[in-house]
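One structure is given below, encoded as structure tokens.
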Amino acid sequence: PAIFCLLPSSSFSRVLPFPSQVVYNRVGKCGSRTVVLLLRILSEKHGFNLVTSDIHNKTRLTKNEQMELIKNISTAEQPYLFTRHVHFLNFSRFGGDQPVYINIIRDPVNRFLSNYFFRRFGDWRGEQNHMIRTPNMRQEERYLDINVCILENYPECSNPRLFYIIPYFCGQHPRCREPGEWALERAKLNVNENFLLVGILEELEDVLLLLERFLPHYFKDVLSIYKNPEHRKLGNLTVTVKKTVPSPEAIQVLYQRMRYEYEFYYYVKEQFHLLKRKFGLKSHIRKPSPRPEFFIPSPLETEEPINDEEEDDEKWLEDIYKR
């Protein structure tokens, strides 16, 4: 049966269909554990089926594995929200209904650094957390200086390991793992055609506001839960420990190696800011982060709301849901 929701409008309320199949193919070290904590609370509060996976280290799947996972997801009780670290899956390729996708990304260098130190030293949930996570890591590797790793071109600090975010949006094709224009353009296309929202972690509260607006049956009240002091305490347990900042020289090397990741990040950020403007949210950024010095164009300014008379908010959402 179709499921409907009411979205308030400036002059009236209309009944709109809402997606009953949502996939959050969470990108590692982009705030996803915080969001999953929220989803556990929200699923009990709103009665949707939260389907999580215990597999955290298998993002690329064979054709048979893709078919099996899509079948398992598609037969879950609706409305469901499925979440797993997995590169984009094309449901329609295997005859399934394409779900609505959501995701969050962050500044690529910050994401890489968070992952580098998390693998070594874990987070505040326990002193031995990292030993459980990477038990076979040798001591000299665990305490490898980040600058040495970058400047001496260790595999962990060079491509293709640094080409991490784009494959989550490009998909399962082998070329999605190769740093280059092909994977970048395919990732952008999927963001436009298959993702209801890709937010940026640096503006998480605005991401949550838009999720609440677009998917109220899943995310209603998410911001008030997130701001609750008790929840904040839980969130602080997932902060990576012992992080250090690389030298400016090392960071510049990372920028160069991750230029496709940055082009994608700034593309997503522009789309996100356009969406915020469309729905009247202003960007409240305390201090702009330093920009890498290469070819990526400046992001769009987004301080003034758009006057978009041709397409009202509900029409836009309805078109998204029909994709």
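The values are calculated or read from the model by the stated rules, or taken from the named source; none is laboratory data. Fair warning: this is a prediction, and the values are worked out from it, not measured in the lab. Positions of Cβ are generated from backbone atoms using ideal geometry, with glycine treated the same way; all protein chains shown enter the neighbour counts. Protein only, heavy atoms only, side chains kept; ligands, DNA and RNA dropped before computing areas. Shrake-Rupley method; radii C 1.70, N 1.55, O 1.52, S 1.80 Å.
A few points about this structure:
- Scan of region 69-89 for residues that are β-branched (Val, Ile, Thr), part of a loop (DSSP other than H, G, I, E, B) and open to solvent by less than 40 Å² (accessible area, probe 1.4 Å), ordered by number: 86
- Inter-residue pairs, beta-carbon under 8 Å, first closer than 15 Å to residue 77 by Cα and in region 38-53, second part of a helix (DSSP H, G or I) and open to solvent by 60 Å² or more (accessible area, probe 1.4 Å), 6+ apart: 46/217; 48/217; 50/40
- Any helices (runs of 4 or more DSSP H) falling wholly within region 90-163 and containing at least 3 residues that are surrounded by 14 or more Cβ atoms within 10 Å (Cβ to Cβ), at pLDDT 95 or above and touching a helix residue (DSSP H, G or I) at 6+ places or on another chain (Cβ under 6 Å): 146-151
- Identity of the residue in region 200-235, among the basic types (Lys, Arg) and part of a helix (DSSP H, G or I), that ends up least open to solvent (accessible area, probe 1.4 Å): 213
- Residue within region 175-183 that is modelled with pLDDT under 95, of a type outside the set (A, V, I, L, M, F, W, C) and in a loop (DSSP other than H, G, I, E, B) present: no
- Condition check for residue 291: of a type in the set (Lys, Arg) and at pLDDT 60 or above: no
- Exclusive hit being within 22 Å of residue 206 (Cβ to Cβ) and free of Cβ contacts under 8 Å to residues at least 24 places away in the same chain, set 72, 110, 64, 103: 110
- Consider region 2-34 and keep the residues that are small (Gly, Ala, Ser) and open to solvent by less than 70 Å² (accessible area, probe 1.4 Å). The one that is modelled with the lowest pLDDT is 9.
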